[in-house]
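Chemist: One structure coming up, written as structure tokens, with questions to follow.
The values are calculated or read from the model by the stated rules, or taken from the named source; none is laboratory data. The shown structure was predicted, so the numbers you read here are calculated from the model rather than taken from an experiment. Because the Cβ atoms are built from the backbone with ideal geometry, glycine has one as well, and the counts that use them run over all protein chains shown. All accessible areas refer to the heavy atoms of the entire protein, side chains included, with ligands and DNA or RNA removed. Shrake-Rupley method; radii C 1.70, N 1.55, O 1.52, S 1.80 Å.
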Amino acid sequence: MGLRIQSIQKVYPDFRLQLDFEVRQGEFLALLGPSGCGKTTTLRLIAGFIDPDSGSLHMNGRRIDTLPAHRRRIGIVFQDYSLFPHLNVRDNIGFGLRMQGWGSKDAKERIEELLRLVSLKEYGKRKVTRLSGGEQQRVALARALAPRPQLLLLDEPLSALDAKLRKNLRKEILRVQRELSITTLYVTHDQEEALVLGDRIAVMRDGHIEQIDTPKRIYNRPRNLFVATFLGQANIIRGRLAKREGELAVVQTPVGTLRVSPSQAEEFGASDEVIVFFRPEHCQMGGTKTNRINGRVVQKEYLGSHQLIEVESNGARFTLDLADRVTLVTGDTISFSVSPHHCCLFLQ
Ligand code: ATP
């Protein structure tokens, strides 16, 4: 069941949001996209802070867009924590419970449960202003979860924290989400966060979702150039579809003939202008005769465990992600190859 967002539309003077997707029961869905693509507006529509122009929302089979925000049973965590500075940790966590009329004994027990869940057992009496950013965000998470919501919405909850804390806290968030099996929608513009956290990732652009899929498929089988270049590093080369060789598409490009096993073969016709895409880590030095590209090393970036090599070939530039032991210097002439099944094809 989970959350169904059905033909939702919201139009602003310079922006149109159009959504039709599902967050499955117990799923962690990461909503990923560049600034201004409509992530926060999506969350606000689901939470009930703004109304859609059309469409409907269903939670576990029941319509919720007709309900006011406080009756939707949704917990929300914002980027800036939004805690009550004059209250201690316990009273912040219990705030929603009081609003919902929980008895004091039940509320007390529930608060203790949540303090344990977010590893803040000893912090109940502490003023929230005396907590670190990471601790404050744990309190915000506990407060959102206290009234047993059916859905958890998180809006860039880690973006105010430093890199190390972000990594620790994202593990915590995932642990808590798994423990409760709560349906979760997590907004981020950080691709690593989306890859690590999401059971699936929805990649958003200009008010709509371009692709919704597992992290692996989004990374290895992006549906279009936007998804391919937004997530991870991409090598692309333009060309023209020459013919088919069984499963393979044969593409003429400025760096030679490339063979691609397209997952969406039926979408392409003879002589189509296409783009061949592959990842830097799928390039190998020398390798097979198929898809061999000759070029010159123009730049090197040493990264400890591996290195990024920029190669120029007939006006095109490629990045190769190679093991540290490969010794190359700027100016070297090399040839590398990429297997057809690591290549994707998009229409230009
Ligand atoms: P960011 O990552 O920067 O937070 P976002 O993906 O969350 O961006 P939104 O905040 O949802 O993007 O905004 C999407 C678009 O909708 C923007 O172009 C914004 O200007 C527009 N927008 C949002 N709210 C309103 C409003 N109340 N009136 C007019 N336009 C709005």
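Residue-by-condition table, conditions (1) open to solvent by less than 60 Å² (accessible area, probe 1.4 Å); (2) out of contact with any strand residue (DSSP E or B) (no Cβ under 9 Å at 6 or more places or on another chain); (3) touching a residue at least 24 places away in the same chain (Cβ under 8 Å); (4) in a helix (DSSP H, G or I):
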| site | (1), (2), (3), (4) |
| --- | --- |
| Arg110 | yes, yes, yes, yes |
| Leu115 | yes, yes, yes, yes |
| Thr129 | no, yes, yes, yes |
| Arg138 | yes, yes, yes, yes |
| Ala144 | yes, no, yes, yes |
| Leu152 | yes, no, yes, no |
| Ser159 | yes, no, yes, no |
| Asn168 | no, yes, yes, yes |
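Chemist: Is it the case that some residue within the range 61-68 is within 16 Å of the ligand (Cβ to nearest atom) and surrounded by 13 or more Cβ atoms within 10 Å (Cβ to Cβ)?
Modeler: Among the residues of the range 61-68, not one is within 16 Å of the ligand (Cβ to nearest atom) and surrounded by 13 or more Cβ atoms within 10 Å (Cβ to Cβ), which makes the answer no.
Chemist: Now, a different point. Take the residues in the range 333-348 that are in contact with a Phe, Trp or Tyr (Cβ under 7 Å, 6 or more places away or on another chain) and closer than 18 Å to Gln233 by Cβ, then tell me which one is most open to solvent (accessible area, probe 1.4 Å).
Modeler: By that ranking, first place goes to His342.
Yes/no matrix, rows are residues, columns are (1) of a type in the set (Gly, Ala, Ser); (2) surrounded by fewer than 20 Cβ atoms within 10 Å (Cβ to Cβ):
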residue: Ser35; (1), (2): yes, yes
residue: His58; (1), (2): no, yes
residue: Ile76; (1), (2): no, no
residue: Pro85; (1), (2): no, yes
residue: Gly94; (1), (2): yes, no
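Chemist: State all residues of the range 166-184 that are in contact with a Ser or Thr (Cβ under 8 Å, 6 or more places away or on another chain) and not charged (D, E, K, R); if no residue qualifies, say none.
Modeler: Passing the criteria: only Gln177.
Chemist: Look at the range 261-296 and say how many of its residues are crowded, with 18+ Cβ neighbours inside 10 Å and under 13 Å from Leu347 (Cβ atoms). It would help to see each step written out before you state the result.
Modeler: Filtering the range 261-296 for residues crowded, with 18+ Cβ neighbours inside 10 Å gives 262, 268, 274-280, 283, 291, 293, 295.
In the following step, the residues that additionally are under 13 Å from Leu347 (Cβ atoms) were identified as 262, 268, 274-277.
Number of matching residues: 6.
Chemist: In the list Leu152, Leu161, Leu169, which residue meets the criterion of being more than 17 Å from the chain's Cα centre (by Cα) and away from the ligand (no atom under 16 Å from the Cβ)?
Modeler: The unique qualifying residue is Leu161.
Chemist: Return the pair list, or none, for Cβ contacts closer than 7 Å from residues in the range 36-59 that are over 15 Å from Arg4 (Cβ atoms) and in the same structural domain as His70 (by TED's automatic domain parsing) to residues that are assigned to a strand (DSSP E or B) and β-branched (Val, Ile, Thr), at least 6 apart or on different chains.
Modeler: Partner pairs satisfying both residue conditions: Lys39/Val187; Thr40/Val187; Leu43/Val187; Ala47/Ile74; Ala47/Ile76; Asp53/Val11.
Chemist: Is at least one residue of the range 70-87 under 27 Å from Asp162 (Cα atoms), in contact (Cβ under 8 Å) with a residue 12 or more places away in the chain and assigned to a helix (DSSP H, G or I)?
Modeler: Scanning the range 70-87, I find no residue that is under 27 Å from Asp162 (Cα atoms), in contact (Cβ under 8 Å) with a residue 12 or more places away in the chain and assigned to a helix (DSSP H, G or I), so the answer is no.
Residue-wise test of (1) among the β-branched types (Val, Ile, Thr); (2) open to solvent by 10 Å² or more (accessible area, probe 1.4 Å); (3) modelled with pLDDT of 95 or more; (4) in a loop (DSSP other than H, G, I, E, B).
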position: Glu22; (1), (2), (3), (4): no, yes, yes, no
position: Leu31; (1), (2), (3), (4): no, no, yes, no
position: Thr42; (1), (2), (3), (4): yes, no, yes, no
position: Leu45; (1), (2), (3), (4): no, no, yes, no
position: Asp51; (1), (2), (3), (4): no, yes, yes, yes
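Chemist: In the range 11-40, which residues are within 16 Å of the ligand (Cβ to nearest atom), within 25 Å of Pro149 (Cα to Cα) and not β-branched (Val, Ile, Thr)? Full working, then the answer.
Modeler: Filtering the range 11-40 down to residues within 16 Å of the ligand (Cβ to nearest atom) leaves 11-19, 21, 29-40.
From what's left, within 25 Å of Pro149 (Cα to Cα): 19, 21, 29-32, 38-40.
Passing the criteria: Leu19, Phe21, Leu29, Ala30, Leu31, Leu32, Gly38, Lys39.
Chemist: Please count how many residues of the range 117-127 are free of Cβ contacts under 8 Å to residues at least 60 places away in the same chain and either part of a helix (DSSP H, G or I) or in contact with a Cys (Cβ under 9 Å, 6 or more places away or on another chain) (or both).
Modeler: Step one: of the range 117-127, the residues free of Cβ contacts under 8 Å to residues at least 60 places away in the same chain are 118-127.
From what is left, the residues that are either part of a helix (DSSP H, G or I) or in contact with a Cys (Cβ under 9 Å, 6 or more places away or on another chain) (or both) are 121-123.
Summing the residues that are free of Cβ contacts under 8 Å to residues at least 60 places away in the same chain and either part of a helix (DSSP H, G or I) or in contact with a Cys (Cβ under 9 Å, 6 or more places away or on another chain) (or both) in the range 117-127 gives 3.
Chemist: Would you check which residues across the range 229-239 are open to solvent by 70 Å² or more (accessible area, probe 1.4 Å) and modelled with pLDDT of 95 or more and list them?
Modeler: Step one: of the range 229-239, the residues open to solvent by 70 Å² or more (accessible area, probe 1.4 Å) are 229, 233, 238.
Scanning the range 229-239 gives a single hit, Arg238.
Chemist: Take the residues of the range 174-212 that are open to solvent by less than 10 Å² (accessible area, probe 1.4 Å) and over 12 Å from the mean Cα position of the chain (by Cα): which is nearest to the ligand (Cβ to nearest atom)?
Modeler: Among residues in the range 174-212 that are open to solvent by less than 10 Å² (accessible area, probe 1.4 Å) and over 12 Å from the mean Cα position of the chain (by Cα), the one nearest to the ligand (Cβ to nearest atom) is Gly207.
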